[in-house]
Every structure is written in C-alpha cells, then in structure tokens.
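These notes concern the structure reproduced below.
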Amino acid sequence: MKIIFISDLHLSPDTPEKNQLFYALLAKWQGTIDALYILGDFFDYWLGDDDRNPFISEMERQLANFAATTRVYFRGGNHDFALGKKFAKKCNITLIPDLYTINLNGNITLLSHGDTFCTLDIGYQKMKRILQNPVTIFLLKLLPLTWRYKIKEQLEQKSHTTPNGKPDYIYCVVNEAIVDFAEDTGATWVIHGHTHRPGIFTIANSKIRQLTRFEIPDWQDNPAGGYLLFDGEKIEIVAAQ
C-alpha cells in the first residue's frame, strides 16, 4: 500500500508553475498509489464553491480524472476551510474532518491541517472559531462573490501592513497539545502541515510510549514539489525534485 500526503501548496491562478507541477505529479502518481490525502492550504484562498475561473475548472478536471482511479481525501486549512460539498462532488473527492484517524501498518495515525496544535496563538484560535463556524461560513457565502474578493483583498493588505509583534514560537505547534490529542485517539503517529517547518520529529512524553510527528513539506517557503510517502511500512519525506 502506498499513500501520499500533501499540504500547504497554496495554489492559485497566480502560481502557474506550481499548478503544472502538481498536475505532473498527479500523472506520475496515477495508478501507482492507493490514496492521496490533501491536508489543507492546498489553495491559497477559497471564497466559495460558486467561484468560477479557468484555474478552478482545470483543477476540477485534473482531480476528477485522478480520483477516477485513486481515492482522494481533503481536509481544508486556514486558507481553504470554506471549500464545500459542491466542489468535492465535482472532483469525486471525500471531505474529512480535522483530527481524523487512519491505520497505517498498525499505527493509528492522526491527521490534521496542523493549526489546531498551535495553541499558544490564542488570538488566532479565537478568530478560527469565529470564521470556521458553519453559521459564519453560511452567511459569507450569501455575499456576492465580488464582495468576498474585496474582503479578501482588504484582509491581505492589512496583514501585509500591520506588524503583529508576536514572537516566532507563538506560531509553532505545541508538543503538549499534540500529545493530548494523540492520547484521546490512541495515535502514535501524527501527520500535519500548516507551520511550513517540514520534518520528522519524535516527541518525548510520559503519556504515550512513543509519538512521532510528521510535518508535510510546504510549497511556499520551501521548494515546491515535496510530500510525505507511506510505502506500506514507514513514512518518509520525498523532497522536491
């Protein structure tokens, strides 16, 4: 069994080279792997399933073609949490919740975008609870698409011009939080993205005998093309070519 995990590609109409790289990987993987898990921030932004442009149409075509032979699972991140059932149906992919578990060679594996583990960033966690509330998402989707684009642009401008003054460690995952979630699910492996700090890490703790954290390579702050591969026995990072 071979399974691939990707996250934080941040694809958009403005990333044509990365888009083509992803399509090339789909062609390479088709018929050679058993499943593809996309764990958030696959898109740099997602303003609703009613958004239509050539980039989205081509992505739907590519994913639907791939999903015809290979199972594809999607968990939204903080950039594409609004991706919904209409897009998933068009692409024949399966939406999964955060903190989803699968069994990999006897290892209960906890899957997450990763922002749930950044518990020191209290302001972000509060904002996340508001923005990702189903009621908020429903109300935002009632707005005209042009308004949603204006809101996105205003938020981007604000984030680029307003320093937050937070120390770097605030944005990191918190091992104690990961241990607590892993203990609740019985997981010994954890796979996530979000922080753009890829690697394989062993978490020392007293609650679980051994806990390994795998962070998926992002395509924004690291070379595009990296991913995690489970080969039936172990997980390894496949670096960008």
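Just so it is clear, none of the values below were taken in a lab; they were calculated from the coordinates. All values reported here derive from a predicted model rather than from experimental measurement. Note: ideal-geometry Cβ built from the backbone for every residue, glycine included; neighbour counts use all protein chains shown.
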Pairs of Cα atoms under 8 Å, at least six residues apart: use those to get the relative contact order of the chain, whole percent. 23 percent
Could you give each residue of segment 121-135 its phi-based ³J(HN,Hα) in whole Hz, using Karplus coefficients 6.51, -1.76, 1.60 with θ = phi - 60°, and x for Gly or Pro? 8, 4, x, 5, 4, 5, 5, 4, 4, 6, 5, 8, 5, x, 5
Whichever aspartates and glutamates have a C-alpha closer than 14 Å to that of LYS207, once near sequence neighbours (fewer than 8 apart) are set aside: GLU176, ASP180, GLU183, ASP184
Under Stokes-Einstein, segment 5-75 at 25 °C and 0.890 mPa s, with its Kirkwood radius over C-alpha pairs, diffuses with a coefficient in µm²/s of 195 µm²/s
So for segment 81-163, using the alpha carbon gyration tensor with a ≥ b ≥ c as root eigenvalues (a/c under 1.5 gives rounded; past that, a/b versus b/c decides prolate or oblate), I'd call it oblate
Against the empirical 2.2 N^0.38 Å scaling, what ratio does the C-alpha Rg of the chain come to? 1.00
Under 18 Å Cα-Cα from LYS18, which aspartates and glutamates qualify once same-chain neighbours fewer than 8 residues away are excluded? ASP8, ASP41, ASP44, GLU58, GLU60, ASP80, ASP218, ASP221
Using θ = phi - 60° and the Karplus form 6.51 cos²θ - 1.76 cosθ + 1.60, what ³J(HN,Hα) does each residue of segment 78-92 get, whole Hz, x for Gly and Pro? 6, 9, 9, 5, 7, 4, x, 5, 5, 5, 4, 5, 4, 8, 6
GLY226 long-range amide H proximity, modeled H, under 5 Å: ALA240
Distant-in-sequence amide H partners of THR94 (H built 1.01 Å from N, under 5 Å): VAL72, TYR73, PHE74
The pairs in LYS128/LYS166; LYS85/LYS152; LYS28/LYS89; LYS128/LYS158; LYS141/LYS166; LYS126/LYS166 lying past 20 Å Cα-Cα in this model are LYS85/LYS152; LYS28/LYS89; LYS141/LYS166
Report ³J(HN,Hα) in whole Hz for each residue of segment 223-231, in order, from the Karplus equation J = 6.51 cos²θ - 1.76 cosθ + 1.60 where θ = phi - 60°; Gly and Pro get x. x, 5, x, x, 6, 9, 10, 9, 9
Relative contact order in percent for segment 188-237 (Cα pairs under 8 Å, 6+ apart) equals 33 percent
Give me the one-decimal nm value for the distance between modelled label points at LEU131 and ALA24, 7 Å along each residue's Cα-to-Cβ direction. 3.2 nm
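Based on the Cα coordinates of segment 116-241, what is the per residue volume of their convex hull in Å³?
So the per-residue hull volume is 164 Å³.
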